[in-house]
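Have a look at the structure below, then the notes.
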Amino acid sequence: MKLNYKRTFFIGLAFLSISAFWQLYDSIIPLMLKNTFLLGETLTGVIMALDNILAIFMLPLFGALSDKTDTRFGKRTPFIVTGTVLAVIFMLLIPYADQAVNFTLFIIALGITLIAMGTYRSPAVALMPDLTPKPLRSKANAIINLMGAVGYIFALAVIKLLVKKEANPDYTLVFVLVAALMVISVLILVLTIREKKLAAEMAEQTSYNMDDDKKDQEVKGGPLPKEVKKSLLFILASIFLWFTAYNAVTTAYSRYAGEVWGLKGGDFADSLMIAGAAAIVSYIPIGFIASAIGRKKTIIIGIVMMSISYFCGFLFIKYSPLINLVFAFTGIGWSAINVNSYPMVVEMSRSGDVGKYTGYYYTFSMAAQIFTPIFSGFLLEKISYRILFPYAIVFSLLSLCTMLMVRHGDSRPPRKKIGLEQYDN
């Protein structure tokens, strides 16, 4: 059984567009709130958490809703297209509101954009497991995350090149280019991925999936076995904890680099681009490593790398090019976690419930991203910006403790063929 890399690449275009937007959001919106609207760190953290407050309700809802949707375009595609169109329209009002110093328009445009993004994130992510056999999902997720890293780096590169070193730069062109990338990516996805046809083909051609689906259907609707449920809860707790650590750094880093290291304009993007580049290089090898040693062990290695990286980041009192090396290890560690955590969650799902379990994954990751901008923002404001990396270390190590308790969701080898089956193509 081999992964269809070309198909997975095109599926990943949806995640590329999503990642580009969220990197733009995490990097630029806090700067607008601080520099244009003069908000404090705690209130900035509250506003930065709004998307996650929406997402904690919307992602499970729209994930489950897409599970039950049946159109001639498939289950997920209608959500992806509609959500992207609405997000692009309203996100372009954000830099206009920033330049006009119109906080009311800013909040309305931002709110509608975040709602639009929330309608299609779970369906977009669920498209991969829908069209990929279970044993190949770590490898496929590596490709998906690689595509996401490309979007992430694109947004950072645009920020680096176009954001001027002045008090209130104009971000309009940055938003326009990211919006154009989102539209082009989803257009290519729609033209190349015939979701309904491919889902039917996979169900017919993959005997492994058919066997798994029959077993799942027999127990669909019943409760998870106690031990599986325990593992699910522990991995969801782990997701909450490592996102609490990571999102605190990514959300505050543009301000941290300015306040602690004195970087100006878009110079902070260098380290983040290197982290993204390191992730791109490592995604596919990590997919193969996970196939060899298992998803859980690979995630644990990633958590340890992230914890060490946070500690090293704390040691830099002033900016040094060596921080780029630290961020390279951060990117590799984060990719080890990302490639394998989502497949572990959906591995525990029932047939037909992939969207719902995708919603569970994002509920806990978004819950972390509600909590951490507010709490870390409060600590940055009341104590010091230097508290950022120790904060990340603590929650990263806590995620290691909970991850060690997970016993299910690891990759399973394909069923061996017997008799004449071994000669089938």
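The values are calculated or read from the model by the stated rules, or taken from the named source; none is laboratory data. Keep in mind it's a predicted model, so treat the numbers as computed, not measured. Using ideal geometry, Cβ is built from the backbone for each residue, glycine included, and neighbour counts are taken over all protein chains shown.
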Completion exercise
Within the stretch 222-268, of all residues that are over 19 Å from Ile159 (Cβ atoms) and modelled with pLDDT under 85, the one surrounded by the most Cβ atoms within 10 Å (Cβ to Cβ) is Leu224
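From the set of residues in the stretch 351-367 that are hydrophobic (A, V, I, L, M, F, W, C) and closer than 16 Å to Gly118 by Cβ, which is modelled with the lowest pLDDT?
The first filter runs over the stretch 351-367 and keeps only residues hydrophobic (A, V, I, L, M, F, W, C), leaving 354, 364, 366-367.
This time we only want the ones that are closer than 16 Å to Gly118 by Cβ, so: 364, 366-367.
Working: Phe364: 91, Met366: 82, Ala367: 87.
Only one residue tops the list, namely Met366.
Just to be sure before I move on: is Ala290 under 24 Å from Ile159 (Cα atoms) and either surrounded by 18 or more Cβ atoms within 10 Å (Cβ to Cβ) or modelled with pLDDT under 85 (or both) in the structure I sent? Give the derivation first.
Details: under 24 Å from Ile159 (Cα atoms): no; either surrounded by 18 or more Cβ atoms within 10 Å (Cβ to Cβ) or modelled with pLDDT under 85 (or both): yes.
When the stated conditions are applied, Ala290 does not pass them.
For every residue, the table says whether it meets (1) more than 30 Å from Glu201 (Cβ to Cβ); (2) modelled with pLDDT of 85 or more; (3) surrounded by fewer than 24 Cβ atoms within 10 Å (Cβ to Cβ).
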{"position": "Ala124", "(1), (2), (3)": "no, yes, no"}
{"position": "Leu127", "(1), (2), (3)": "no, yes, no"}
{"position": "Leu131", "(1), (2), (3)": "no, yes, yes"}
{"position": "Lys134", "(1), (2), (3)": "no, no, yes"}
{"position": "Ser138", "(1), (2), (3)": "no, no, no"}
{"position": "Tyr152", "(1), (2), (3)": "yes, no, no"}
{"position": "Leu156", "(1), (2), (3)": "yes, yes, no"}
Problem - Odd one out for Ala292, checked against (1) more than 17 Å from the chain's Cα centre (by Cα); (2) within 21 Å of Glu41 (Cβ to Cβ); (3) assigned to a helix (DSSP H, G or I) - result: (2)
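This table checks each residue for (1) within 18 Å of the chain's Cα centre (by Cα); (2) buried (at least 22 other Cβ atoms within 10 Å of the Cβ); (3) small (Gly, Ala, Ser); (4) part of a helix (DSSP H, G or I).
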site	(1), (2), (3), (4)
Gly302	yes, yes, yes, yes
Met306	yes, yes, no, yes
Asn324	no, no, no, yes
Phe327	yes, yes, no, yes
Gly355	yes, yes, yes, yes
Met366	yes, yes, no, yes
Phe375	no, no, no, yes
Arg386	no, no, no, yes
Practice task
Filter the stretch 133-186 for residues that are closer than 13 Å to Phe21 by Cα and of a type in the set (Phe, Trp, Tyr) and give the result.
Solution key: Tyr152, Phe154, Phe175
Completion exercise
Output for Cβ contacts, cut-off 8 Å, separation at least six or different chains, first residue at negative phi in the stretch 354-367, second modelled with pLDDT of 80 or more and charged (D, E, K, R), reads Val354/Asp67; Val354/Asp130; Gly355/Asp67; Gly355/Lys75; Gly355/Arg76; Lys356/Asp67; Tyr362/Arg121
Problem - Enumerated helices (runs of 4 or more DSSP H) restricted to the stretch 1-89, each holding at least 1 residues that are aromatic (Phe, Trp, Tyr) and crowded, with 17+ Cβ neighbours inside 10 Å - result: 5-31, 50-68
